[in-house]
Every structure is written in C-alpha cells, then in structure tokens.
Amino acid sequence: MIRKALWFALLLLAAGSTAASEVHEFMLDNGMKVLVKEDHRAPIAVSQVWYKVGASYEPRGLTGVSHVLEHMMFKGTKNLGPNEFSQIIAENGGKENAFTGRDYTAYFQTLASDRLPVAFELEADRMENLLLDEKEFQKERQVVIEERRMRTDDKPTAMTYEQFNATAYRVLPYRNPVIGWRSDLENLELEDLSDWYSRFYAPNNALLVVVGDVDPDEIHAMARETFGKVKRREVYNIKPATEPEQRGLTRLQVKAPARKPYLIMGYKTPTITSAEVEWEPYALEIAAAVLDGGDSARLSRSLIRGNRIAASASAWYDSTTRLSGMMVFNGTPNEGKNVKDLEKALLSEIEKLKNEPIAAKELKRIITQTVASKVYELDSVYYQAMQIGLLETVGLDWQLADTIVDKLKAVTPEQVQAVAKKYFVPDNLTVAVLEPQSMGQDETTALNGNGGDADVR
C-alpha cells in the first residue's frame, strides 16, 4: 500500500489548472512549516501532518517503533480517551488514517473545508499531549505482531522481499522492515515509545500540508492558534549513513511453503537526494518505465505475452527516498518455466537497455504516458498533498514538483543507456529466489486468507 502511494506521489506535477495553483509557504514561530495549496473544485480539504521520522531512523533493536507509535497516536491524550480522535473526525463527516514509511510518519484527515479547525485542534493535541498507557500498548503491540504475521510471515513473496532487503543493504537502514522484526516487536517497551515520541514528535520536526477549498492566510492563522502553541523541542540528530560499494553478485535462497517460485533482483542506484549527476535518477525513472510502463512495455510485451516465460514480471524504482535505493525487478515464472529461465529473460532485457539506445518513437510514447499519469493524478487533493509532503520530508524542496516533468522530458536515449551500463552490472546485483516448500493444511489456509497490507488499529 505504502509503495503504491509513494509511486503515485511521484507521478504528480504542477500541470493544468489545478497544478497551476500556487503553494503558499509559512513558518510558525516554533519551527513548524505549513504548506497550503488551493483547489476549489469541491468544498473539501485534506490535512496532513508529516513527521521526519520513520523506519530508516530506527537503530538495531528498535525496529518497528515508529509504526507502533503511529498506532498509539490514536489511543488517547491527556484530553481524549482511546479512539476518541477517530470518533470526533467521523462525527464531523471526515475520514482519517495514518501511515508509516521508511523515511516519515504521516497522519491525515479529509473533511469539509469548514471542519478543518477540528482536525487542527486534535492533531496539535496529540503532538504535545499523547498519553501512553501500558495496557493499551500491550494490546496494540500484539495487533502489530499479528499484522506482521498476516502481511509478511504468512506471505512467502513478502517474506522473500524482506530477506532480499536485509541482504542487499549492508549498512543502510532500508535493510529493516518498516513493520519491524518480530523479535524487536516482542521486546519493545512502553518507555521506548515514550523516548521516540520525545525525540521526534516536535513541531520543528513536523510539516503541515493542506490542499483543498481553503484560503492560505486563514489556514496560516488557524495553524498559529493550534500547532503554533506547541512548544519547540530539541530533535534527536540522526547521523548520516552511506552504503558501501558492493563488490560482487550476491545470491540468497529463501525456503518457505508456497505454490510457485518467485524471483527478486535489485541493482544499487542513486536517488535524487544522493545522485552526484543530476539527470541520472530521471534516466533511471525512464528506464523503469521502458521496461514496465504498462501493457505495451517491454517486460509485458516480451516476457509475459510474447515468449510466455513469466506469469508476472515488473520493474520498480523510487527516486524520492531519503537515502540511496535500488532498481528492483521481480516476477514469477510461467507454467513449464523455472526461475533460471525468468532470470535469464530479465537479464536479456536489461542487456538490451545497455547495448541498444531506445528508439525515439518508444521514448516519446513512454514520456507521453508518464506525463499523462501525472496530470491524471492531479484530480486527487490527497495525492497533491502527498507529493508536497513526500518531497519535503525526504529532504527535497516541494518546488521540485514543478520541474519533474521537464526533467523527464529532457532524458535522452543515450542517458538511459548510460545509467543502464553504469548501474546494471553483475557486481552491483543482488538476487533472491523463493524456493517453494510443500504446504500443510495450515499453510494453505494462510495463503488463501486475506493478509491485507493496510495498517490495523
């Protein structure tokens, strides 16, 4: 869910009548930034509070603490009882939720514009007055452990992806799952959450994003009267981390009860925040789109429909992360084919990127599709806010959104070929294979069940 949301966020841009709306930036005296974008098509607004903390901030032994704290943010303050936050939002005709990612934690509400003061008051209250109760913590920690079981432990492909990340990243905290390792969750204590809240849940470590039928000056005044009263606090300083150069192909095998084998391949790549050459992340975006940009893309056309080597095959790259990342390929072989066949076919398509410049016609089609997707996503005030919040919390300026499309349009076939040659090399590759094991009745039932991927509260 989170990955899809972030991908959509990247696909937003300032285009068309909605995108032309200016983003108004304010800074409260306590250091909290407020970003407001007008969209008057409907009398609604989305309010999002982003904290610059997520799984990539967590040290060993505390993985999952950001996610568990997210759950506890709904369990009461000095002024509200457990779940009363959600009840009040619902009574005011709104919807609310939250999500934890690798680089941030965000809380959001969608309401009629005239009900925004309610959301502001509630969010400001729990930013300062969260009440961490031992009984509620014990219950919610178990909820997260069960969530982990459904989303990862009982899903062989998710388990394989988790092991893949833990192997591919030697140093970067992206090696840890957002939901946390089970042993860390089981040993997590209430004091750990209290410390985490004190370290990071400060107005000077938070961002308020509002998009919708609003007046920017009124939002600023409202923010001063609510969030502006929360005292500034010293925020814990996270030391920078750099992934060491990989010096050889890495392989791992994951054995788990499953019906089909599964393959994941990943090459270390820079992102916008870490790239030494500015155009490289955009060329990598285009490379991913060439391979997996819809039914007409190469993987679908060649591996799935053409040679019928793969039942599924995809390529994915996220340029907007706080730290360096990967270009990831995954897939499942078709009936009568095996993982080796699939890996060979994927590597063949990658070699074509390295050896044959993309034809101008194909590149034009890919860029046109990408731009169309960006414009389409502007229909959602939620994803307009997502774009702004995402860019800001990973260390990028929200104004970058205005230039993304132009930078993608400027990518040349030679640049796509150059990044493929530079980064898609064996010494920079990690390969994980799920080797299916026989399933008992319990495993079959689990795999047939609805694991879901949304937060459980």
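Quick check, is L400 under 30 Å from L263 (Cα atoms) and either at pLDDT below 85 or assigned by TED's automatic domain parsing to the domain that holds V290 (or both)?
no
In segment 229-242, is there at least one residue being part of a helix (DSSP H, G or I) and buried (at least 21 other Cβ atoms within 10 Å of the Cβ)?
As a first pass, look at segment 229-242 and keep what is part of a helix (DSSP H, G or I): 229.
Those left that are additionally buried (at least 21 other Cβ atoms within 10 Å of the Cβ): none.
Within segment 229-242 (the criterion being part of a helix (DSSP H, G or I) and buried (at least 21 other Cβ atoms within 10 Å of the Cβ)), the answer is no, since none of the residues qualifies.
Are any of the residues in segment 61-75 buried (at least 20 other Cβ atoms within 10 Å of the Cβ), without any contact (Cβ under 8 Å) to a residue 40 or more places away in the chain and assigned by TED's automatic domain parsing to the domain that holds E136?
The answer is no; no qualifying residue exists.
So which residues in segment 274-318 are closer than 15 Å to T370 by Cβ, among the small types (G, A, S) and out of contact with any strand residue (DSSP E or B) (no Cβ under 8 Å at 6 or more places or on another chain), if there are any at all?
A283, A289, G293, G294, S296, A297
Counting only residues that are of a type outside the set (A, V, I, L, M) and either at pLDDT below 95 or touching an Asp or Glu at 6+ places or on another chain (Cβ under 6 Å) (or both), which one in segment 40-58 is farthest from P117 (Cα to Cα)?
Within segment 40-58, the match that is farthest from P117 (Cα to Cα) is S56.
Only one of A256, A283, A275 is part of a loop (DSSP other than H, G, I, E, B) and either among the aliphatic types (A, V, I, L, M) or at positive phi (or both); which?
Numbers: A256 fails: part of a loop (DSSP other than H, G, I, E, B); A283 fails: part of a loop (DSSP other than H, G, I, E, B).
Of the residues listed, the single one that is part of a loop (DSSP other than H, G, I, E, B) and either among the aliphatic types (A, V, I, L, M) or at positive phi (or both) is A275.
For segment 57-104, give me each residue that is hydroxyl-bearing (S, T, Y) and part of a loop (DSSP other than H, G, I, E, B).
Passing the criteria: T63, Y104.
With the condition kept exactly as written, say whether any residue in segment 360-376 is assigned to a loop (DSSP other than H, G, I, E, B) and not acidic (D, E). Reasoning before the result, please.
First pass over segment 360-376, keeping only residues assigned to a loop (DSSP other than H, G, I, E, B): none.
There is no residue in segment 360-376 that is assigned to a loop (DSSP other than H, G, I, E, B) and not acidic (D, E).
May I ask you to verify whether N79 is surrounded by fewer than 21 Cβ atoms within 10 Å (Cβ to Cβ), at pLDDT 95 or above and in contact with a Lys or Arg (Cβ under 6 Å, 6 or more places away or on another chain)?
no
The values are calculated or read from the model by the stated rules, or taken from the named source; none is laboratory data. Every value quoted in this text rests on a predicted model; they were computed, and no experiment measured them. All Cβ positions, even for glycine, are placed from backbone atoms using ideal geometry, and neighbour counts span all protein chains on display.
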